[in-house]
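Visitor: Before anything else, here's the structure in question.
The values are calculated or read from the model by the stated rules, or taken from the named source; none is laboratory data. Note that the structure is a prediction, hence the values are computed from the model and not measured. So basically every Cβ, Gly included, is an ideal-geometry build from the backbone, and we count neighbours across all protein chains shown.
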Amino acid sequence: MTLTDKVCIVTGAASGIGSGIARRFARAGGKVAVADLNLDAAQAAASAINAEHPGKAMAVAMDVSSEEQVDAGVAQVVAAWGTVDVLVSNAGIQIVNPVQDFAFADWKKMLAIHLDGAFLTTKAVLPHMYAQGSGTVLLMGSVHSKTASPLKSAYVTAKHGLLGLARTLAREGGPHGVRANVICPGFVRTALVDKQIPEQAKELGISEEEVVKKVMLGQTVDGEFTSIEDVAEVAHFFAAFPTNALTGQSLIASHGWFME
Ligand code: NAD
């Protein structure tokens, strides 16, 4: 399947990885709904895409943890462009703390954005994909879908959970021509990562430089961050894959940090 004129919704696409995926999809000819909690930033990201690819992007206000907002956002996209062909459930945040200090409210917020968000956006797009007999759902996992790091209990739990959702959806969606896969990036230098460098340094009692070199990149084969463009390329590969052979899978792009 090529992405030409395919309708794609990317959540959390106002910045970071989601923004890169939206740009990549538009470059491949897709129409991209930039869905984000931050509408101003989503509009700026959509405008930047439209400047290069006129008419290919729209901004949508959406808190992925709100069923009402998700349903309204998907309805807005369907009203404008007729259907949804590709969903990238990417919106996410990070909160780090040891389990014994992890506030229950923070735990619930993490699971609401990462897991409820993936479930609600998937549930909202499926009727359109099933009606047309085709579609692709991509969930933004992480190396933390496969392994664990200290301080990240909620994140690791949520990212592991996405594998279960994608695999179940692959089985349910198969007869309807709908594929589901998970992208598992290593550390990518975005706002989400920049925020946790000083937090981890404080919690672990090491310097910020050591957090980057040892905690984040110490297990990679070359000491390099994964880039937004790397992750966008994987998303494009999954989204544009021509058959339903590739479903229920997860692909790690992490400079060899985690191998399986
Ligand atoms: P980012 O902070 O740059 O972007 C996240 C975006 O999500 C922001 O635009 C934010 O406004 C939006 N967002 C947050 N809460 C939302 C909500 N409730 N509803 C809608 N939008 C919301 O972060 P990023 O690094 O680009 O992360 C994107 C995804 O990639 C996340 O799921 C993250 O867990 C995952 N990921 C990131 C890395 C990394 O190293 N940066 C690695 C692996 C996986």
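Visitor: How many residues, within region 48-62, are surrounded by fewer than 19 Cβ atoms within 10 Å (Cβ to Cβ) and within 13 Å of the ligand (Cβ to nearest atom)?
Guide: Let us first name the residues in region 48-62 that are surrounded by fewer than 19 Cβ atoms within 10 Å (Cβ to Cβ), namely 48, 50-55, 61.
Still in the list and also within 13 Å of the ligand (Cβ to nearest atom): 61.
Looking only at that region, the number is 1.
Visitor: Give the residues of region 11-36 that are aliphatic (A, V, I, L, M), within 10 Å of the ligand (Cβ to nearest atom) and in contact with a Ser or Thr (Cβ under 9 Å, 6 or more places away or on another chain), sorted by residue number.
Guide: Answer for region 11-36, where residues must be aliphatic (A, V, I, L, M), within 10 Å of the ligand (Cβ to nearest atom) and in contact with a Ser or Thr (Cβ under 9 Å, 6 or more places away or on another chain): 13, 17, 34, 35.
Visitor: Right, another one. Name the strands (runs of 3 or more DSSP E) wholly within region 1-80 that hold at least 2 residues that are under 25 Å from residue 187 (Cα atoms)? It would help to see each step written out before you state the result.
Guide: Working: elements: 7-11, 31-36, 57-61.
In region 1-80, 7-11, 31-36 are the strands (runs of 3 or more DSSP E) which contain 2 or more residues that are under 25 Å from residue 187 (Cα atoms).
Visitor: Of all residues in region 143-176, count the ones that are in contact with a strand residue (DSSP E or B) (Cβ under 7 Å, 6 or more places away or on another chain), more than 19 Å from residue 109 (Cα to Cα) and more than 14 Å from the ligand (Cβ to nearest atom).
Guide: Our first condition is that a residue be in contact with a strand residue (DSSP E or B) (Cβ under 7 Å, 6 or more places away or on another chain); within region 143-176, this holds for 143-146, 151, 162-163, 165-166, 169-170, 173.
Remaining after also requiring more than 19 Å from residue 109 (Cα to Cα): 143, 146, 163, 166, 169-170, 173.
The next check asks that each one be more than 14 Å from the ligand (Cβ to nearest atom); those that pass are 169-170, 173.
Total meeting the criteria: 3.
Visitor: Given the conditions (1) crowded, with 18+ Cβ neighbours inside 10 Å; (2) within 22 Å of residue 145 (Cα to Cα); (3) at pLDDT 95 or above, and given that residue 221 satisfies all but one, which numbered condition is not satisfied?
Guide: Against the list (1) crowded, with 18+ Cβ neighbours inside 10 Å; (2) within 22 Å of residue 145 (Cα to Cα); (3) at pLDDT 95 or above, residue 221 comes up short only on (1).
Visitor: Then there's this: Being in a helix (DSSP H, G or I), in contact with a His (Cβ under 9 Å, 6 or more places away or on another chain) and under 23 Å from residue 186 (Cβ atoms) narrows it down to one of 114, 144, so name that one. It would help to see each step written out before you state the result.
Guide: Details: 114 fails: in contact with a His (Cβ under 9 Å, 6 or more places away or on another chain).
Going through 114, 144 in turn, the sole match is 144.
Visitor: Which one of these is of a type in the set (Ser, Thr, Tyr), within 12 Å of the ligand (Cβ to nearest atom) and surrounded by fewer than 18 Cβ atoms within 10 Å (Cβ to Cβ): 66, 89? Walk me through how you get there before you give the answer.
Guide: Values: 89 fails: surrounded by fewer than 18 Cβ atoms within 10 Å (Cβ to Cβ).
Only one candidate qualifies: 66.
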